[in-house]
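Asks: Below is one structure. I have some questions about it.
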Amino acid sequence: MHRVSPSGSPTRTRREPQARNVVNPSSHPEYGAWLQAQLGCKVQKLSVNAGFSCPNRDGRIGTGGCTFCNNVTFHPAYCDPKFSVTQQLEAGKRFFARKYPTMKYLAYFQAYTNTYAPLRRLKALYEEALAVSDVVGLVVGTRPDCMPDDLLDYLSELNRHTFLIVEYGIESANEETLHRVHRGHTFAQSADAIRRTAARGIRTGGHIILGFPWETEEEMMRGADEVGHLPLTTLKLHQLQIIRDTPMAEEYMRHPWPMPTAEDYARLVLRYIAHLPPSLVLERFVSQSPPELVIAPHWGMKNHEFADMMRKISRDITCTA
Ligand code: SF4
């Protein structure tokens, strides 16, 4: 049983140390069911590309971006900044409404850094999305160094009358990793932004990449402990993918390193999530970038197939324990 406070932030109950060996993805709330419980209806996220840039690309912090990033992987076909936010959302709705006519939607400001603009422009874009019929809330993806206090004041007000998740790219709790991938911010900055956001009662999400080849398992689990102490409502985990046209792809082509199998990665995720509080809502375990853009690994698995694999491994471990 997972308790959720009125703000949507889970009431944190930390996992007892002796339960750390119990590995089961079902011991965390499932994202779709959690969203439905929060909103009282079935909801689908619709990605929006509002034409933002990113300070790690436009020169404010860096120019080359994070070494793993190729933003083309984020875009569904209907999501193109040459169309308005309303047009993108209406196109997304048409795509899903054929199959699910009663579905409601969350506008997911996903591509690049979706808080990287003057407050007046941000307000106009978010409020345009909320004015689209059947859009019942917002998910705003951003970097932890792009959340000034005046924007948090506004989001906190917005959060009083609409459903809102602010989702931060943490990527790793390991400072060396953040430096090596040219992330341009520290884990301390992630922790600070997450704490400031959650302190305003806003549901706060995080995104972590697992599998950087230089990170030891011990470092990853230490990272899980640190992430588990943050006041996060939701968390996405992704495998490290080598995506075409990125600096990491060049590194990999020069000196390829062994990639985990899907099963190895599933076991790693199970060990990782055993360090997280059971109230934390886990949204995803794997990323599904377009296969033509992925150099490695090629697992071809959807998130639900991967979750099934994790449950099976978990059952096998429990049965043989
Ligand atoms: S991952 Fe995000 S912060 Fe990094 S370069 Fe891509 S858009 Fe910018």
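Asks: Count, please, the residues in region 41-61 that happen to be over 17 Å from Ala107 (Cα atoms) and more than 8 Å from the ligand (Cβ to nearest atom). Working first, answer last.
Replies: First, pick out the residues of region 41-61 that are over 17 Å from Ala107 (Cα atoms): 53-61.
From what is left, the residues that are more than 8 Å from the ligand (Cβ to nearest atom) are 53, 58-61.
Qualifying residue count, region 41-61: 5.
Asks: Moving on. Just name the residue that is nearest to the ligand (Cβ to nearest atom) out of those in region 186-208 that are outside any helix (DSSP H, G or I) and in contact with a Gly (Cβ under 9 Å, 6 or more places away or on another chain). Explain how you work it out, then say what you get.
Replies: The first filter runs over region 186-208 and keeps only residues outside any helix (DSSP H, G or I), leaving 186, 200-208.
Of the ones still in play, those that are also in contact with a Gly (Cβ under 9 Å, 6 or more places away or on another chain) are 201-203, 205-208.
Values: Gly201: 26, Ile202: 20, Arg203: 20, Gly205: 14, Gly206: 14, His207: 9, Ile208: 13 Å.
Checking each candidate, the answer is His207.
Asks: How about region 116-139: which of its residues are surrounded by 14 or more Cβ atoms within 10 Å (Cβ to Cβ), part of a loop (DSSP other than H, G, I, E, B) and free of Cβ contacts under 8 Å to residues at least 60 places away in the same chain?
Replies: Hits for region 116-139 are Val132, Asp134.
Asks: Please determine whether any residue of region 217-237 is of a type in the set (S, T, N, Q), in contact (Cβ under 8 Å) with a residue 24 or more places away in the chain, in a loop (DSSP other than H, G, I, E, B) and out of contact with any helix residue (DSSP H, G or I) (no Cβ under 6 Å at 6 or more places or on another chain). Let's see the steps before the verdict.
Replies: Going through region 217-237, the residues of a type in the set (S, T, N, Q) turn out to be 233-234.
Add one more test, that the residue is in contact (Cβ under 8 Å) with a residue 24 or more places away in the chain, and what stays is 233-234.
Pick out the ones that are also in a loop (DSSP other than H, G, I, E, B) and you get 233.
Still in the running and out of contact with any helix residue (DSSP H, G or I) (no Cβ under 6 Å at 6 or more places or on another chain): 233.
Looking for residues that are of a type in the set (S, T, N, Q), in contact (Cβ under 8 Å) with a residue 24 or more places away in the chain, in a loop (DSSP other than H, G, I, E, B) and out of contact with any helix residue (DSSP H, G or I) (no Cβ under 6 Å at 6 or more places or on another chain), one finds at least one in region 217-237, hence yes.
Asks: Condition first: hydroxyl-bearing (Ser, Thr, Tyr), within 15 Å of the ligand (Cβ to nearest atom) and out of contact with any Pro (no Cβ under 7 Å at 6 or more places or on another chain). Now tell me which residues in region 62-85 satisfy that.
Replies: Kept after step one, since they are hydroxyl-bearing (Ser, Thr, Tyr), are these residues of region 62-85: 63, 67, 73, 78, 84.
Retained after the next criterion (residues that are within 15 Å of the ligand (Cβ to nearest atom)): 63, 67, 73.
The answer is Thr63, and nothing else.
Asks: For residues that are surrounded by fewer than 21 Cβ atoms within 10 Å (Cβ to Cβ) and either more than 19 Å from Ala107 (Cα to Cα) or among the aromatic types (Phe, Trp, Tyr) (or both), tally how many sit in region 148-176.
Replies: Within region 148-176, residues that are surrounded by fewer than 21 Cβ atoms within 10 Å (Cβ to Cβ) and either more than 19 Å from Ala107 (Cα to Cα) or among the aromatic types (Phe, Trp, Tyr) (or both) number 9.
Asks: Here is a follow-up. His179: of a type outside the set (Gly, Ala, Ser), in contact with a His (Cβ under 8 Å, 6 or more places away or on another chain) and surrounded by fewer than 21 Cβ atoms within 10 Å (Cβ to Cβ), yes or no?
Replies: Numbers: of a type outside the set (Gly, Ala, Ser): yes; in contact with a His (Cβ under 8 Å, 6 or more places away or on another chain): no; surrounded by fewer than 21 Cβ atoms within 10 Å (Cβ to Cβ): yes.
Answer is no for this residue.
Asks: On to the next question. Please determine whether any residue of region 72-84 is part of a loop (DSSP other than H, G, I, E, B), hydrophobic (A, V, I, L, M, F, W, C) and in contact with a helix residue (DSSP H, G or I) (Cβ under 8 Å, 6 or more places away or on another chain). Break it down into steps so the answer makes sense when it comes.
Replies: Of all residues in region 72-84, those part of a loop (DSSP other than H, G, I, E, B) come to 75-84.
Next, from what is left, pick out any that are hydrophobic (A, V, I, L, M, F, W, C): 77, 79, 83.
The next check asks that each one be in contact with a helix residue (DSSP H, G or I) (Cβ under 8 Å, 6 or more places away or on another chain); those that pass are 79, 83.
Yes, some residue in region 72-84 is part of a loop (DSSP other than H, G, I, E, B), hydrophobic (A, V, I, L, M, F, W, C) and in contact with a helix residue (DSSP H, G or I) (Cβ under 8 Å, 6 or more places away or on another chain).
Asks: Out of region 104-134, which residues are touching a strand residue (DSSP E or B) at 6+ places or on another chain (Cβ under 8 Å), among the hydrophobic types (A, V, I, L, M, F, W, C) and closer than 23 Å to His185 by Cα? Write out each step before concluding.
Replies: Kept after step one, since they are touching a strand residue (DSSP E or B) at 6+ places or on another chain (Cβ under 8 Å), are these residues of region 104-134: 104-111, 113-116, 125-126, 129-130, 132, 134.
So of that shortlist, the ones also among the hydrophobic types (A, V, I, L, M, F, W, C) come out as 106-107, 109, 111, 125, 129-130, 132.
Across region 104-134, the qualifying residues are Phe109, Ala111.
Asks: Of everything in region 150-201, what is among the polar types (S, T, N, Q) and farther than 26 Å from Glu251 by Cβ? Give them in sequence order. Spell out how you get there, then give the answer.
Replies: Within region 150-201, the first condition is being among the polar types (S, T, N, Q), and the residues that meet it are 156, 159, 162, 172, 174, 177, 186, 189-190, 197.
Hits for region 150-201 are Ser156, Asn159, Thr162, Thr197.
Asks: Ok, one more. Which condition does Arg200 not pass, out of (1) more than 24 Å from Gly62 (Cβ to Cβ); (2) touching a residue at least 60 places away in the same chain (Cβ under 8 Å), if it passes all the others?
Replies: Arg200 satisfies every listed condition except (2).
Asks: Within region 268-287, how many residues are assigned to a loop (DSSP other than H, G, I, E, B), out of contact with any Gly (no Cβ under 9 Å at 6 or more places or on another chain) and either of a type in the set (Ser, Thr, Tyr) or under 23 Å from Gly141 (Cα atoms) (or both)?
Replies: Within region 268-287, the first condition is being assigned to a loop (DSSP other than H, G, I, E, B), and the residues that meet it are 274-280, 285-287.
Checking the rest, the ones that are also out of contact with any Gly (no Cβ under 9 Å at 6 or more places or on another chain) come to 274, 278-279, 285-287.
Filter once more, keeping what is either of a type in the set (Ser, Thr, Tyr) or under 23 Å from Gly141 (Cα atoms) (or both): 279, 285-287.
Residues flagged as assigned to a loop (DSSP other than H, G, I, E, B), out of contact with any Gly (no Cβ under 9 Å at 6 or more places or on another chain) and either of a type in the set (Ser, Thr, Tyr) or under 23 Å from Gly141 (Cα atoms) (or both) within region 268-287 amount to 4.
Asks: Restricting attention to region 86-124, which residues are within 16 Å of the ligand (Cβ to nearest atom), of a type in the set (Gly, Ala, Ser) and at pLDDT 95 or above?
Replies: Ala117
The values are calculated or read from the model by the stated rules, or taken from the named source; none is laboratory data. Source: prediction; values computed, not measured. All Cβ positions, even for glycine, are placed from backbone atoms using ideal geometry, and neighbour counts span all protein chains on display.
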